[in-house]
Amino acid sequence: MIVLMAAGGAAVVPHWIFDAARPMPAAIAAEMAEAPYQSLHYHALFGVGAILFLITFVLSLISDFISRKYRSVRIGEKV
């Protein structure tokens, strides 16, 4: 819930970089209690969670690849 409070908690599209916005984890946390079970809103929140998971997974793979590349250079192995 700290993400919701730190970001401003506004459920509107920001028009400027410093406007309040609602990050994906905050949207899931704020709206899951009010979403009717098995509704489109309920499934959309799970879709947001799946997208968040995929973004995190891809960024983790990229950082692991970069880490392994520079670790092998540091040890003296061929790339």
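What follows is calculated from the coordinates using simple rules that are stated; it is not laboratory data. Because the structure is a prediction, the values reported are computed rather than measured. Positions of Cβ are backbone-derived with ideal geometry, glycine not excepted, and every protein chain shown enters the neighbour counts.
Of the residues A26, S39, Y70, the one whose Cα sits farthest towards the positive end of the charge dipole of segment 2-75 is Y70 (charges of +1 on Lys and Arg Cβ, -1 on Asp and Glu Cβ, taken about the Cα centre). Entry note, segment 2-75: relative contact order of 20 percent, from Cα contacts under 8 Å with a spacing of 6+ residues. For the pair L52 and I2, the difference between a 0.36 nm per residue extended length and the Cα-Cα distance amounts to 16.3 nm. Summarising the amide proton neighbourhood of A21: residues at separation of 5 or more, or on other chains, whose placed amide H is nearer than 5 Å comprise G9, A10. Excluding A11 itself, what net charge comes from residues whose Cβ is under 10 Å from its Cβ, given Lys and Arg +1 and Asp and Glu -1? Overall, the nearby charge balance is 0.
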